[in-house]
Amino acid sequence: MKSRTDTTMTYRAIVTLFMLLGIFPLDVGRRLGALLGHLIFVCDSKHRNIALQNLSHAFGREQGQREIRELGKRVFQNLGQILFEICWSLRLKKKDFHKYFSIRGLSNLKNAYEKAKGVLVLTGHMGNWELLTIIAAMTGYPLSIVVRPLDFRPLNEFFIKFRTRFGGRLIPKKHSMRMVLRSLRKGEMVALLMDQNVDWYDGVFVDFFGRLACTNKGLALLALHTGAPVVPVFLVRDKACFKAEFGPELPLIQTGDKTKDVEINTAQYNKVIESFIRRYPDQWFWVHQRWKTRPYHSWPRE
């Protein structure tokens, strides 16, 4: 186990490196990020194969293998750009937010807040999701984000400070229910990233790009328990800037069967995420094994 001194030194080295990478203007950083992403695409066969396999399953009926491969390259370029954009944003001041970020559909968020139950925000690893805290600061509404701490402690410390520097609050994913409920009672906005694979006991199997994907059921359970409105938001790269889109509040479906309600509402959330990914397919996190957990089938009796 590393000592506290080693962790501190590593943390400072990370901050120094990120600050150095952040000296580039946004457009230059993006070009460098795209180059880095292309190099990783060439060298990292493991994640390249995961991404290409996922893309083939999702778009194989619509695009040929050459098109899939080109899309895969752009996916990795997006990941490289995320790194440089994070570094660039370290020098960003609040007074300059509107130069680089625009918001669409803010009325959808305001209408949800009028219900005075707090707001559950549906989002995912789209565009540069790490900059969503800037969007929250622009709206003026307090934001809490449910996150899983990173395994590498110095990097985790960096991202804690990075994600909260404009007033956001982090809720550790493990045992998060009580803190989420408390935030909603305060009328706050709580964001959950719903597009990652989970173990079978944490999720339900619902459709995602034509395949059953084990999807976190937490958002549906929270919405059903609290009645808090669910509003989707995604932040994407748009030409020289960033664009955040708040979608309309999603209807809460209640049939009286809780198990069925969780499944139906979770499926609805997946459809929203999928539709947005289809609009910006190169800006989603395709290197993740989204369909890793498979449905359980009991062994048939003889």
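Some points to look at:
- Selection status of LEU92, farther than 24 Å from ARG178 by Cα, loosely packed, with under 14 Cβ neighbours inside 10 Å and among the aliphatic types (A, V, I, L, M): no
Residue-by-condition table, conditions (1) farther than 20 Å from ARG290 by Cβ; (2) touching a residue at least 24 places away in the same chain (Cβ under 8 Å); (3) not aromatic (Phe, Trp, Tyr):
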{"residue": "ARG153", "(1), (2), (3)": "yes, yes, yes"}
{"residue": "PHE158", "(1), (2), (3)": "yes, yes, no"}
{"residue": "LYS161", "(1), (2), (3)": "yes, no, yes"}
{"residue": "PHE166", "(1), (2), (3)": "yes, yes, no"}
{"residue": "MET194", "(1), (2), (3)": "no, yes, yes"}
{"residue": "THR215", "(1), (2), (3)": "no, yes, yes"}
{"residue": "LEU222", "(1), (2), (3)": "yes, yes, yes"}
{"residue": "GLY227", "(1), (2), (3)": "yes, yes, yes"}
{"residue": "ASP238", "(1), (2), (3)": "yes, yes, yes"}
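Condition check ((1) part of a helix (DSSP H, G or I); (2) touching a Cys at 6+ places or on another chain (Cβ under 9 Å); (3) among the β-branched types (Val, Ile, Thr); (4) in contact (Cβ under 8 Å) with a residue 12 or more places away in the chain) across all residues:
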residue: HIS57; (1), (2), (3), (4): yes, no, no, yes
residue: GLN81; (1), (2), (3), (4): yes, no, no, yes
residue: PHE84; (1), (2), (3), (4): yes, no, no, yes
residue: ILE103; (1), (2), (3), (4): no, no, yes, yes
residue: LYS110; (1), (2), (3), (4): yes, no, no, no
residue: LYS115; (1), (2), (3), (4): no, no, no, yes
residue: GLU130; (1), (2), (3), (4): yes, no, no, yes
residue: ALA136; (1), (2), (3), (4): yes, no, no, yes
residue: ILE145; (1), (2), (3), (4): no, no, yes, yes
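- Flag for GLU245 being of a type outside the set (A, V, I, L, M, F, W, C), crowded, with 18+ Cβ neighbours inside 10 Å and either modelled with pLDDT of 95 or more or farther than 24 Å from VAL180 by Cα (or both): yes
- The residue that is surrounded by the most Cβ atoms within 10 Å (Cβ to Cβ), counting only those in the range 165-182 that are small (Gly, Ala, Ser) and closer than 16 Å to LEU132 by Cβ, is GLY168.
- Where strands (runs of 3 or more DSSP E) sit wholly within the range 201-284, those with at least 1 residues that are more than 16 Å from the chain's Cα centre (by Cα) and under 30 Å from LEU26 (Cα atoms) occupy 230-238, 241-246.
The values are calculated or read from the model by the stated rules, or taken from the named source; none is laboratory data. Everything quoted here is computed from the prediction, not taken from an experiment. We place every Cβ from the backbone using ideal geometry, glycine too, and count neighbours over all the protein chains shown.
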